[in-house]
Amino acid sequence: MVEVETIVERSSPPVGGKDRLIPPQIPSTQQGGDQGFRPTGDIPSFQRFVFEDNIGTRLRVLEFMTSDAIFKPVFGLSLAEQRALTLERLKRFGRRGFIDCMDVVKNPKRFAAVMECLHLVDYSLSIKGGVHFTLCGGTIAKLGTKKHHEKYLDKINQVQWPGCFAMTELAHGSNVMAIETTAEYDASSQEFIIHTPHDAASKFWIGGAAQHAMISTVFAQLYISGKWLGVHVFIVHLRDEHGHVLSNIRIEDNGPKMGLNGVDNGRIWFQRVRVPLDALLDKYCSVSPDGTYSSALSTIPQRFGVMVGGLTTGRILIAQAAVDASKLALTIAFKYSTKRRQFGEKLIIDYLSHQRRLVPSLAETFAYHFAMMDLMRLVQSKSSPKQEHTLSSGLKAAATWTKTEILQRCRECCGGMGFLAVNQIGPMICDMNVDVTFEGDNSVLMQQVVKGMLKEGLSNVGIKKPSLDDQSVIDEVAIQELLITRQRVLTAKLGRKIQAATCQGISAEQAFDDNLDLVLSLGWAFVEAHVMKIFHERVSSAGEGFRRPLGLLCHLYGLSRIENDAAFFLTHGLLPPSSTEVVHAQSNDLCRRLSHNAGKTLLSLCEGFAIPSYFITAPIATDAEHFPSTATINLAKL
Ligand SMILES: Cc1cc2nc3c(=O)[nH]c(=O)nc-3n(C[C@H](O)[C@H](O)[C@H](O)COP(=O)(O)OP(=O)(O)OC[C@H]3O[C@@H](n4cnc5c(N)ncnc54)[C@H](O)[C@@H]3O)c2cc1C
């Protein structure tokens, strides 16, 4: 039996004396906890600009979390301790009533704002909460009807019935449409029989299944009188109130993972488990007691699209968690880099190589943050589910891949200190490594992006090469033109290849698969052009006080895109050869300018992320004496 209170007592990192974990010139003292939106200088208005919506809600949630020691980050726990702590955190959070799973449908911005607060504690809590509230509760909210909402949602909101989401099977991960669990309707008893036909069809990786979940949304192929009707979702009870697994269900623990060990992933077998007619989530399809099936969606692929629709919210939150992790890691890395000196009196942030690793990462983080806010506006408006799908897929893939690189850069920029668990970045690297795989593997998601683009007929847009001479300074407008042109060139190229292949009798699907390298490049090109556009628009609407530094970051984000793919722009004649030197010099210049004054501007920009100091526990970042408030720095004077 794990005592959660004992774990919490161990949560404060050791400070001073023989327990000192940081270099001698930086004494470690904990900063007092504030709520992150500090009312001094022009930082609060900057934070309001960055966050834009549900600020009062965010503050209330953060106020609650920062007043309960259980939410303080803690490291070095055993697997059993991590799981117990994560469950207890989730329960305390649920009991406060911040979450309403119906918001996934009614007020997605609010739902996301509340869930985002969990990202600050640790990734196990984000994912355990994501599986429970977003995937299990959100799927019931989206696909269920009044009877399901009334029976389950309060219990899920309050975490009285921990839930999981059983979609993946051992043999079918990315290819969900081909899962093999069956749900056969028995009209004589008015029940569905949920069954795992063989071992490879067992549900695998199911978060919450190994120890805690009482209920699960289960994806299964529906059969009525022998007729196959495609993937549908059912609510199945897994355990009773005492935690005993119910009869005809077998569960195995997936065991220790390379990270994310606060989540109890498990494997489930159903041995002809009988569930009532009401177990079917029937908003888009229904089965009458006599077994008559009806749905306004006439084809199996159409229905499948709706059944997996619940994943969109989850995917968005995974992308947002990646952006939030980058914010925290960069804040720690900048705090350390602006105090740590090597080779005499030189601050490590003053080395150009250091700036080149961290400052473009900060630019990427703001870029994805604004793109996510923009996506949430689209989701809230419900104006274009197709665009939502394309953008959430692309941003999830790009943001998580980018975060993986940023966290590694931050870790390296903190030297050996970055390797200590207590300094937070290392555990984030391990816990979050899997985000490129779950909620849609990134390589597969990028294919969805391109399919979405092709369906919307983007291949028909014309290509006009931007006119840049050798000495042109490449500004944000020119960068946007270059990025959109890259997207168009790649789209046309893919279109030509698929057309040529189909002329030779090869199917379009096969031709698409044969060009997956190009498809992935196009997916990236689409996402980066979109993100640059949103960033530029957002900067244009920024207040005087912070438009300038954000503008420099936006410019740097764009230049980094060009630098990273310089070979493409040169070989396609979109840039004159000497301009790569210009781009490089401009990037260096921006990195230097943003890092000036011992990195204080960078610290001010990080304050825009509004991370309460309560969650920045890394000793290398928490020294109040050596890290005076940056709130007094005037961002406008850059
Ligand atoms: C820690 C963790 C928690 C999870 N939690 C849950 C959960 O709670 N509920 C749930 O249902 N699932 C869960 N999953 C499952 C997760 O969603 C799957 O792992 C994911 O969908 C990928 O499936 P897979 O692991 O079978 O990989 P595969 O699909 O086998 O992919 C393996 C590799 O092949 C590549 N690949 C596959 N298909 C293609 C293609 N068409 N084109 C190009 N490349 C391809 C992929 O890019 C990948 O690199 C979890 C997984 C993990 C690791």
Given the condition touching a strand residue (DSSP E or B) at 6+ places or on another chain (Cβ under 6 Å), open to solvent by 40 Å² or more (accessible area, probe 1.4 Å), under 13 Å from residue 279 (Cβ atoms) and modelled with pLDDT of 95 or more, answer yes or no: does some residue in segment 194-217 qualify? no
Quickly run through segment 482-522 and pick out the residues that are assigned to a helix (DSSP H, G or I) and of a type in the set (S, T, N, Q). 485, 487, 491, 499, 502, 510, 521
Residues of segment 525-577 being open to solvent by less than 30 Å² (accessible area, probe 1.4 Å), under 16 Å from residue 374 (Cβ atoms) and not in a helix (DSSP H, G or I), which ones? 542
Working carefully through the options 361, 384, 393, find the one that is among the polar types (S, T, N, Q), out of contact with any Pro (no Cβ under 7 Å at 6 or more places or on another chain) and within 16 Å of the ligand (Cβ to nearest atom). 393
Six or more apart or on different chains, Cβ atoms under 6 Å: show the pairs whose first residue is in segment 494-513 and assigned by TED's automatic domain parsing to the domain that holds residue 524 and within 16 Å of the ligand (Cβ to nearest atom) and whose second is among the β-branched types (Val, Ile, Thr) and part of a helix (DSSP H, G or I). 508/498; 508/502; 511/498
Among the residues that make up segment 297-312, is at least one of them touching a Gly at 6+ places or on another chain (Cβ under 9 Å), at pLDDT below 95 and within 16 Å of the ligand (Cβ to nearest atom)? yes
Return yes or no: is residue 427 in contact (Cβ under 8 Å) with a residue 60 or more places away in the chain and not assigned by TED's automatic domain parsing to the domain that holds residue 515? no
Assuming residue 168 fulfils every condition listed in (1) more than 22 Å from residue 138 (Cβ to Cβ); (2) free of Cβ contacts under 8 Å to residues at least 40 places away in the same chain apart from one, which condition is it? (1)
Which numbered condition trips up residue 229, out of (1) closer than 18 Å to residue 179 by Cα; (2) within 16 Å of the ligand (Cβ to nearest atom); (3) not charged (D, E, K, R)? (2)
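Yes/no per residue for (1) more than 26 Å from the chain's Cα centre (by Cα); (2) of a type outside the set (Val, Ile, Thr):
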site: 212; (1), (2): no, yes
site: 226; (1), (2): yes, yes
site: 230; (1), (2): yes, yes
site: 233; (1), (2): no, no
site: 247; (1), (2): yes, yes
site: 251; (1), (2): yes, no
site: 258; (1), (2): no, yes
site: 264; (1), (2): no, yes
Select from segment 338-370 the residues that are touching a Leu at 6+ places or on another chain (Cβ under 6 Å) and aliphatic (A, V, I, L, M) and list them in ascending order. 359, 362, 363
Can you confirm whether segment 378-395 contains a residue that is of a type outside the set (S, T, N, Q), in contact with a helix residue (DSSP H, G or I) (Cβ under 7 Å, 6 or more places away or on another chain) and within 30 Å of residue 585 (Cβ to Cβ)? no
Selected residue (only one of 184, 191, 169, 180 is of a type in the set (D, E, K, R), open to solvent by 30 Å² or more (accessible area, probe 1.4 Å) and within 15 Å of the ligand (Cβ to nearest atom)): 180
Has segment 292-303 got any residue that is farther than 24 Å from residue 202 by Cβ and either under 21 Å from the mean Cα position of the chain (by Cα) or aliphatic (A, V, I, L, M) (or both)? yes
Filter result for residue 152 (within 30 Å of residue 330 (Cα to Cα), open to solvent by 10 Å² or more (accessible area, probe 1.4 Å) and touching a residue at least 60 places away in the same chain (Cβ under 8 Å)): no
Selection count where residues are surrounded by fewer than 24 Cβ atoms within 10 Å (Cβ to Cβ) and not charged (D, E, K, R), scope segment 324-348: 6
Residue 119 versus (1) open to solvent by 50 Å² or more (accessible area, probe 1.4 Å); (2) in contact (Cβ under 8 Å) with a residue 24 or more places away in the chain; (3) under 27 Å from residue 315 (Cβ atoms): which is the lone unmet condition? (1)
Qualifying residues in segment 76-86 (those that are of a type outside the set (D, E, K, R) and at pLDDT 95 or above) - the one surrounded by the most Cβ atoms within 10 Å (Cβ to Cβ): 86
Check every one of the strands (runs of 3 or more DSSP E) wholly within segment 228-292 and list those with 3 or more residues that are assigned by TED's automatic domain parsing to the domain that holds residue 179 and touching a residue at least 60 places away in the same chain (Cβ under 8 Å). 265-270, 273-276
Kindly establish whether residue 230 is at positive phi and open to solvent by less than 10 Å² (accessible area, probe 1.4 Å). yes
Selection within segment 299-317 - among the polar types (S, T, N, Q) and part of a helix (DSSP H, G or I): 302, 312, 313
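Residue-wise test of (1) within 14 Å of the chain's Cα centre (by Cα); (2) more than 16 Å from the ligand (Cβ to nearest atom); (3) part of a helix (DSSP H, G or I); (4) farther than 17 Å from residue 163 by Cβ.
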{"site": "115", "(1), (2), (3), (4)": "yes, no, yes, no"}
{"site": "120", "(1), (2), (3), (4)": "yes, yes, no, yes"}
{"site": "124", "(1), (2), (3), (4)": "yes, no, yes, no"}
{"site": "139", "(1), (2), (3), (4)": "no, no, yes, no"}
{"site": "148", "(1), (2), (3), (4)": "no, yes, yes, no"}
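The values are calculated or read from the model by the stated rules, or taken from the named source; none is laboratory data. Since this is a predicted model, take the numbers as computed values, not measurements. Every residue, glycine among them, receives a Cβ derived from its backbone with ideal geometry; neighbour counts consider all protein chains shown. Please note that ligands, DNA and RNA were not included when accessible areas were found on the heavy atoms of the full protein model with its side chains. Shrake-Rupley method; radii C 1.70, N 1.55, O 1.52, S 1.80 Å.
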